[in-house]
1. Tell me, yes or no, whether the range 221-231 has at least one residue that is within 26 Å of residue 164 (Cα to Cα) and either modelled with pLDDT of 95 or more or open to solvent by 20 Å² or more (accessible area, probe 1.4 Å) (or both).
2. Taking the residues in the range 273-305 that are among the β-branched types (Val, Ile, Thr) and open to solvent by less than 70 Å² (accessible area, probe 1.4 Å) as candidates, determine which candidate is nearest to the chain's Cα centre (by Cα).
3. Kindly state which strands (runs of 3 or more DSSP E) lie completely within the range 306-358 and contain at least 1 residues that are open to solvent by less than 70 Å² (accessible area, probe 1.4 Å), of a type in the set (Val, Ile, Thr) and out of contact with any Pro (no Cβ under 6 Å at 6 or more places or on another chain).
4. Can you name the residue in the range 1-58 that is without any contact (Cβ under 8 Å) to a residue 40 or more places away in the chain and charged (D, E, K, R) and, of all such residues, is surrounded by the most Cβ atoms within 10 Å (Cβ to Cβ)?
5. Of all residues in the range 88-126, which are among the charged types (D, E, K, R), buried (at least 19 other Cβ atoms within 10 Å of the Cβ) and not in a loop (DSSP other than H, G, I, E, B)?
6. If you check residue 136 against the conditions, is it open to solvent by less than 20 Å² (accessible area, probe 1.4 Å), closer than 20 Å to residue 104 by Cα and out of contact with any Pro (no Cβ under 8 Å at 6 or more places or on another chain)?
7. Let me spell it out: the conditions are (1) under 29 Å from residue 184 (Cβ atoms); (2) open to solvent by 30 Å² or more (accessible area, probe 1.4 Å), and residue 129 meets all of them except one. Which number is the exception?
8. Checking residue 308 against (1) closer than 30 Å to residue 174 by Cα; (2) touching a strand residue (DSSP E or B) at 6+ places or on another chain (Cβ under 8 Å), which single condition isn't satisfied?
Amino acid sequence: MNKNYYAVLMAGGVGSRFWPISTSEYPKQFHDMLGTGTTLIQKTFQRLNKFVPTENILILTNARYNDLVLEQLPMVSQEQVVLEPAMRNTAPCILYASLKIQKMNPNGVMIVAPSDHWIEDEDAFAKDVTACFEKCEKEEALCTLGIKPSFPNTGFGYIEYNKESTTDIKEVNQFREKPDYETAKDFLAQGNFLWNAGIFMWSVSTIVNAFKNFQPSQYALFEKGIAVYNTPEEQGFINENYPKAENISIDYAILEQSKAIYVLPATFDWNDLGTWGSLYDKLDKDSENNAIVNSKVIIEDAQGNMIRSPKGKIVVVDGLNDYIIVDKEEVLLIYPKTKEQDIKKVLSKVKDTYGEEYA
């Protein structure tokens, strides 16, 4: 295994659209969402560990999830768990992790990957990432993986690449915000647009130089801690200085400003598992198109439902179509699939009415 390969596994999100299973105390990446016996973060770690040495995988998460990470990934040391004392979007945490890796190994190349995506063909994933790593080792390139769109999705950002490019890894023209439906249809018709999966690869020197050039104040803030990174004094420095970082995404901070961005159209299938609907799409269905996780069911005249309960619980459904039915100890959610984007609003009402402990 190449000792210059590193991974930063992003595991700090709350996943509120998967409420009531995903909560701020126990978010979706720590759950077995598909009923496979493996949590999302465990599955992601295993996928990266096929080509990145165990000790070279950093878990970037919120301080409150430290114990969950160590419990679910017993093969990692405390030093590999990089704790954010405040929520500051993706740019500050990526810079912080990159400086840590650069101090360990100035020749390192790294992948930044979310902990909650589902990828079936892990060999194809490893092949695509390695191809990008090889490019990043040879030149100052910031690479990303783009997903070939299967329909005009309005929930993803898009990557427009250069149509004239004849190589597998293509020059990026621009990143595009989440479009409306007509714009998404136009993107697909043009043929050179990919979904932005939020998976990035670069050498540590390239990404650190990009921060120096495009985010000098952010770089100056974290550069002050280089002497203490990877030492016992690191957390004290981070606790004091991290909250001062600008709240900004890596897309805005770096990718939309750099001229050296490249995209590889992914050769693997991909699901971002962002909503109950996306989970429903991924799961096997019964003869009436109901997707069932953990439950024992008796179903009459019911089609297209997403049903999840504690393992072995009997769920009886009659006369209900296209609903999300999720039973979890103190909360039962019965909600139309067509309104799944509103679950965040429902969660806000639950907090206001019954308190934070249910969120």
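The values are calculated or read from the model by the stated rules, or taken from the named source; none is laboratory data. All of these numbers come straight from a predicted model, not from anything done at the bench. Neighbour counts run over all protein chains shown; Cβ positions are idealised from the backbone, glycine included. The protein model used for the area step is the full one, side chains on, heavy atoms only, and it has no ligands, DNA or RNA in it. Shrake-Rupley method; radii C 1.70, N 1.55, O 1.52, S 1.80 Å.
1. So far as the range 221-231 goes, no, none of its residues is within 26 Å of residue 164 (Cα to Cα) and either modelled with pLDDT of 95 or more or open to solvent by 20 Å² or more (accessible area, probe 1.4 Å) (or both).
2. 275
3. Numbers: elements: 306-308, 314-318, 323-328, 331-336.
Strands (runs of 3 or more DSSP E) meeting the threshold: 306-308, 314-318, 323-328.
4. Selected residue: 32.
5. Passing the criteria: only 100.
6. Yes.
7. (2)
8. Going through the list (1) closer than 30 Å to residue 174 by Cα; (2) touching a strand residue (DSSP E or B) at 6+ places or on another chain (Cβ under 8 Å), residue 308 breaks only (1).
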